[in-house]
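Enquirer: Pasting a structure below so you can have a look.
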Amino acid sequence: MTHASDAAHGAALGARLNWLRAAVLGANDGIVSTAGLVVGVAGATDDRFALLTAGLSGLLAGSLSMAAGEYVSVSTQRDTERAALALEKRELREQPDAELDELTDLLTGRGLSRDVAREAAVQLSERDALRAHARVELGIDPDALAEPWHAAGASFLAFTAGALLPLLAIVLPPAPARLAVTVGSVLLALACTGWWSSRLGAAPAGRAVARTVGGGAVAMGVTYAAGSLLGNVGV
């Protein structure tokens, strides 16, 4: 019972960490892509309406694209999980002895002695054979299958939250301060997302912060240069 409880706790913790990591990455994408877009437009014009239009369009396009992509991806994952569970259910019905041996082997591979593994496999199978095989063999929790709509909504909100920062930073300050405020706030936000992602992954913070800040700086530099060039030639 203790091992089962620990495994369930570990799986729940892993799922929460995956959601947090996805949220951080989604926010980071929203910051970088929208910042690159509005800074690029700022290189060509200082018209507030043009900046707002570009930023809002980028926010909506990016968040909807992220949500749609996540929905399709997680729907595929859910279909795969359901198909695997259906196959396992059929195998348990058609060849229960072979499946019991397989579960015993899996538990043995996890460090249990053969006799203990056999006893555990018998007890788990008597209680709920499909659930036991799903968790031990497939690594699937039948009660917590992937949720496409939840994933899509989380991606939409994470991207939108990230994108709002550069959008507001470029349109709210007076024209002379817009670029500096946007660049400064974006780099600070990227430093925070880099630090947080490193904490989630138990990785060195300095390297993660340098990657996120450096990537954002390059993106804004390139798009600003392109926007300035287009603005100067009157395209």
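Enquirer: List every residue pair whose Cβ atoms sit under 8 Å apart, with the two residues 6 or more apart in sequence or on different chains, where the first one lies in the range 43-59 and is closer than 16 Å to THR182 by Cα and among the acidic types (Asp, Glu) and the second, anywhere, is open to solvent by less than 60 Å² (accessible area, probe 1.4 Å) and at pLDDT below 95.
Expert: If the second residue must be open to solvent by less than 60 Å² (accessible area, probe 1.4 Å) and at pLDDT below 95, the pairs left are ASP46/ALA175; ASP46/ARG178.
Enquirer: Identify, by number, the condition in (1) surrounded by 15 or more Cβ atoms within 10 Å (Cβ to Cβ); (2) in a helix (DSSP H, G or I) that LEU112 doesn't meet.
Expert: Unmet condition: (2).
Enquirer: Hey, any hits in the range 85-94 for a residue that's more than 20 Å from PRO142 (Cα to Cα), surrounded by fewer than 14 Cβ atoms within 10 Å (Cβ to Cβ) and out of contact with any strand residue (DSSP E or B) (no Cβ under 9 Å at 6 or more places or on another chain)?
Expert: yes
Enquirer: Any idea which of (1) touching a Leu at 6+ places or on another chain (Cβ under 9 Å); (2) touching a residue at least 60 places away in the same chain (Cβ under 8 Å); (3) not aromatic (Phe, Trp, Tyr) is the one SER75 doesn't satisfy?
Expert: Of (1) touching a Leu at 6+ places or on another chain (Cβ under 9 Å); (2) touching a residue at least 60 places away in the same chain (Cβ under 8 Å); (3) not aromatic (Phe, Trp, Tyr), only one is false for SER75: (1).
Enquirer: While we're here: On the given criteria, is ALA120 open to solvent by less than 40 Å² (accessible area, probe 1.4 Å) and modelled with pLDDT under 90?
Expert: Yes.
Enquirer: Taking the range 123-149 only, how many residues are at pLDDT below 85 and under 30 Å from SER65 (Cβ atoms)?
Expert: Result for the range 123-149: 7.
The values are calculated or read from the model by the stated rules, or taken from the named source; none is laboratory data. All values reported here derive from a predicted model rather than from experimental measurement. In this analysis, Cβ positions are derived from the backbone assuming ideal geometry, glycine residues included, and neighbour counts consider all displayed protein chains. Heads up: the accessible areas ignore ligands, DNA and RNA and are worked out on the full protein's heavy atoms, side chains in. Shrake-Rupley method; radii C 1.70, N 1.55, O 1.52, S 1.80 Å.
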